[in-house]
1. Please work out which residue is surrounded by the fewest Cβ atoms within 10 Å (Cβ to Cβ), limiting yourself to segment B:1-35 and to residues that are touching a Lys or Arg at 6+ places or on another chain (Cβ under 7 Å) and more than 12 Å from chain A (Cβ to nearest Cβ).
2. Just wondering, is there one or more residues in segment A:3-19 that are aliphatic (A, V, I, L, M), out of contact with any strand residue (DSSP E or B) (no Cβ under 6 Å at 6 or more places or on another chain), within 14 Å of A:Ser79 (Cβ to Cβ) and assigned to a loop (DSSP other than H, G, I, E, B)?
3. Of everything in segment A:77-106, what is aliphatic (A, V, I, L, M) and assigned to a strand (DSSP E or B)? Give them in sequence order.
4. Pairs under 7 Å by beta carbon, first residue within 21 Å of A:Leu100 (Cβ to Cβ) in segment A:2-15, partner surrounded by fewer than 15 Cβ atoms within 10 Å (Cβ to Cβ), six or more apart or different chains?
5. Just give me the residues in segment B:56-85 being of a type in the set (Val, Ile, Thr), more than 18 Å from B:Val12 (Cα to Cα) and assigned to a strand (DSSP E or B), in sequence order.
6. Within segment A:70-112, how many residues are over 19 Å from A:Asn22 (Cβ atoms) and either within 14 Å of chain B (Cβ to nearest Cβ) or small (Gly, Ala, Ser) (or both)?
7. Looking at segment B:36-51, can you tell me whether even one residue there is at the interface with another protein chain (Cβ under 9 Å from one of its Cβ atoms), in a strand (DSSP E or B) and of a type in the set (Ser, Thr, Tyr)?
8. Determine, yes or no, whether B:Gly51 is at positive phi and at pLDDT 95 or above.
Amino acid sequence: QKEVEQDPGPLSVPEGAIVSLNCTYSNSAFQYFMWYRQYSRKGPELLMYTYSSGNKEDGRFTAQVDKSSKYISLFIRDSQPSDSATYLCAMSLEFGNEKLTFGTGTRLTIIP
Amino acid sequence: DAGITQSPRHKVTETGTPVTLRCHQTENHRYMYWYRQDPGHGLRLIHYSYGVKDTDKGEVSDGYSVSRSKTEDFLLTLESATSSQTSVYFCAIGTGNTIYFGEGSWLTVV
């Protein structure tokens, strides 16, 4: 069993819909949680960074962490075609970034 | 733009030949990383560096070596390339609470 599980998709939704992307993990020691967006043939770029349980909002994006369930989510409101990408969750045990553990990524397509 | 340059961006090489990928940063960050990305496996850490001449192994280090003789450069070497090392390789820099990735190097071993 992988430490971090992420549904690979693909996921297709119409423009304007709310998108929910999720990861589950097995190591309860993870404390820092991140979401990266990766466009085709590009490097991943950091979208959201959260510490421990709770919600964090940034524009149309909301990251949610539920440590009791070992479950994290990324919500995208008012989805746009430009949101079409692969979304990767990542997590780490401590502050600083060595040895991030990544999910395999969910490919998302927003249909105009 | 995080100031990371990877070279070469694309390479095709033959099994058994040595290959070196270069990562260059312009922002003087202490931590640098090499990841590989494969379908079904996601991003996996190969090696990382926490300073000049200070390196350590990651999750999938077998068959790879690294060197960092200058703060700005982090080299990844495949001593004798194998087909299982066909992958996309990403260099990254750590800034304390974020990681920035380069654009990737596509390596095909035939």
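1. B:Ser7
2. Within segment A:3-19, one or more residues are aliphatic (A, V, I, L, M), out of contact with any strand residue (DSSP E or B) (no Cβ under 6 Å at 6 or more places or on another chain), within 14 Å of A:Ser79 (Cβ to Cβ) and assigned to a loop (DSSP other than H, G, I, E, B).
3. Of everything in segment A:77-106, those that are aliphatic (A, V, I, L, M) and assigned to a strand (DSSP E or B) turn out to be A:Ala85, A:Leu88, A:Ala90, A:Met91.
4. Partner pairs satisfying both residue conditions: A:Glu3/A:Ser26; A:Glu3/A:Asn27.
5. The answer is B:Val66, and nothing else.
6. Adding up the residues that qualify gives 8.
7. For segment B:36-51, residues at the interface with another protein chain (Cβ under 9 Å from one of its Cβ atoms), in a strand (DSSP E or B) and of a type in the set (Ser, Thr, Tyr): present.
8. It is false that B:Gly51 is at positive phi and at pLDDT 95 or above.
The values are calculated or read from the model by the stated rules, or taken from the named source; none is laboratory data. Treat the numbers as computed from the prediction; the structure is a model and nothing was measured. Neighbour counts are summed over all protein chains in view; Cβ atoms, including those assigned to glycine, are modelled from backbone coordinates with ideal geometry.
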